[in-house]
1. If you average the sequence gap of Cα pairs under 8 Å that are 6 or more apart and divide by the length of region 116-222, what percent do you get for the contact order?
2. Order of 278-286, 16-24 by packing, highest average Cβ count within 10 Å first?
3. Quick check: residue separation of M532 and E287 times 0.36 nm, minus the Cα distance between them. What number comes out in nm?
4. Before anything else, pin down the relative contact order of the chain: Cα pairs under 8 Å, at least 6 apart, normalised by residue count, whole percent.
5. Which whole-angstrom value gives the distance between the alpha carbon centres of region 288-321 and region 180-236?
6. How high is the relative contact order of region 1-116, given as a whole-number percent (alpha carbon pairs under 8 Å, six or more residues apart)?
7. Using only the heavy atoms of the protein chains and a 1.4 Å probe, how would I342, I171 rank by accessible area, largest first?
8. Determine, from the Cβ-Cβ distance of S83 and H384 and an R0 of 30 Å, the FRET efficiency 1/(1 + (r/R0)^6), rounded to the nearest 0.05.
Amino acid sequence: MSANRSAGRYLLCIAGGELQAGAVVFVAAFEVFSKSGFSRAWWNMLYVVAWLVLSVTGFVIYRYRETRAMTLAQFFEIRYNKSFRVFTGALGFFAGILNFGVIPAIGARVMVYFLGFPDTVRILAVTVPTYVPLMGLFLAITVFVAVSGGVITVMIVNTMEGILSQLFYLIIIFAILSIFSWSQMNAVLIDRPSGHSLVNPFDSFATTDFNLWYVLISIWIGIYGRMAWQNAGAYYSAGLTAHEGRMAGILTSWRDMGKTAILTFLALASLTYLHHPSFAAGAAQVEASVRQIADPQAREQMEAPIALSRLLPIGVRGVFCAVLLMGIFGGDATHLHSWGSIFVQDVLVPLRRKPFGTRAHLWALRCSIFGVACFAFLFGAFFHLVDYINMWWFITQTVFVGGAGAAIIGGLYWKKGTAPAAWAAFVTGSSLAVGGIIAQQIDKHYYHHDFLLNGAQMSFFASLIAIGVYVVTSLLTCREDFNLDRMLHRGEYASMKQLVGDNPASPRQKIGWGKIIGMDDNFTLGDKWITMSLFGWNLFWLGVFVVISARSLVSPLSTEWWSAYSHYTGVYLPLFFAIVTGIWFTWGGVKDMRLLFRRLRQQQVNVLDDGTVVDNQNLDERAAENKLNPSEVDS
């Protein structure tokens, strides 16, 4: 379930990053880049302040790890009550499989068109789309990975794939640089009508969907819904300590600087190939292939994969195919494990009068994972996406995150938060999100126009209303302050960590200038260097953002200036970080894999640490507190 809480920071960082390496991620990135280009990247610098605060302070994730909960809904039972855990577990599971349902299908479609397979095949005298049996094959492989060893297997596989992918990324990037010149790429980027610039952010305000407002809403949802979305839920509880989880977030910020390089180069290569006159013949062939796809949304999604299949040379095409497959297997296995585990841990476990036996518990987890895969197969085969991938993810996440953000932050940081308030926030946020999905489908299918609000906008308004409902309801229903110290194992309850065999971190006493950015005594010298360098780097770019934005408002900069800026900061800088982080995280990932197996050999499994909660307390903690043997605990 949680790798026996033995995972180091590099394992958490690299394995979690494979969720952003699948075929569907490349398609989603192209959708965004083709509409907003480097202009959106400029506004993305507003993320700097938000992610500095989230990563360095360990906002939410630090306290969540201190609760020792293995799933989010388990925390909800500790903080609120059992019925709320079952409700949020079922709702999180429902939202999760809806969100995941489109991923295997799009991934299989990408492979069909990238590899040049026929659109349909005949199976037992029945003609079916080729992506359907291919999707079934991919899901079968990922089910095997997920059930064979749980999160330990998924994490190790993802880490190995992540290390290998870093090398493959560099091969693909250098191949693209050998095919296209910057002058060709730039000619396509600047060939846009006024208000839709792909390089000048102050000439892009006519862009719809992926614009400044989309960035601002994304920042807000990232803060509000911190850790609420559970597609990699096991990684939140698998950290060796709460501090390791925090450091994984900081390292992820560094690794992402290099990881964006591959997405940028692939999108640039596809756009240039499709729109530059030098490649008109190849673009015409791509257009002819795209026109043969019946589904309008699928036509737009498959344009980039078809273009890449034609522009990449033999050999490099095989390398990119390997990257796509590794991303499909790694990302889908993580999703399957997370949503399958949530159904068992947060719906079945709390409803049972007695805890599962170990063998029965394992089989329940495996059957649940298989069930999620079956749903994804059927959903992917019959559901037709009518919006951008990112917008679908936004709104389906809001089905859960819309109310979860208020319940999580209020539950971890506010002693006056109550169960009725959490219920009210969830029902409000989720109802608004589901209503938005239904309205969106009706408008598209029956009235043939887009709904008034896109997925990001619906998420924003749903979250604001849920916060208001949570605060007002808490103030009206709070009769007694909740004991946060007991839940977080602090103060007089700190000794509980040793009693249940957890890995306690050193006291969190603030030290020196580190107080400004949240460093404490848990930070080693190396941790301080990593954190301070990230802090300084982001402050530098925040200064660049403020100065250039002010300059542009007084006297607009030319398109040529913005083009040169994009050339260096959007192409060369990510390439530099791709090389540096490739070396750095290969070393860290290998080191953490060795340490994980060493810890697993030495540690004893606590059979009571299975996600069961009794009287707002984890079962193993209750046993330790009462000095009982496992056989004497009556749940």
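1. Working: 44 pairs, mean separation 8.7, N = 107.
Here the relative contact order equals 8 percent.
2. On the way: 278-286: 14.7, 16-24: 23.8.
Listed from highest to lowest mean packing, they are 16-24, 278-286.
3. Values: separation 245, 0.36 × 245 = 88.20 nm, distance 4.88 nm.
Gain on extension, M532 to E287, equals 83.3 nm.
4. Values: 923 pairs, mean separation 174.3, N = 635.
Taking the mean separation of contacting Cα pairs over the length of the chain, I get 27 percent.
5. 22 Å
6. Working: 26 pairs, mean separation 36.9, N = 116.
Rounded, it is 32 percent for region 1-116.
7. On the way: I342 5, I171 70 Å².
Output order, biggest surface exposure first: I171, I342.
8. Numbers: r = 36 Å, r/R0 = 1.20.
The formula returns an efficiency of 0.25 here.
The values are calculated or read from the model by the stated rules, or taken from the named source; none is laboratory data. Given the structure is predicted, the values throughout are model-derived calculations rather than measurements. So basically every Cβ, Gly included, is an ideal-geometry build from the backbone, and we count neighbours across all protein chains shown. Heavy atoms of the whole protein, side chains included, go into the accessibility calculation; ligands, DNA and RNA do not. Shrake-Rupley method; radii C 1.70, N 1.55, O 1.52, S 1.80 Å.
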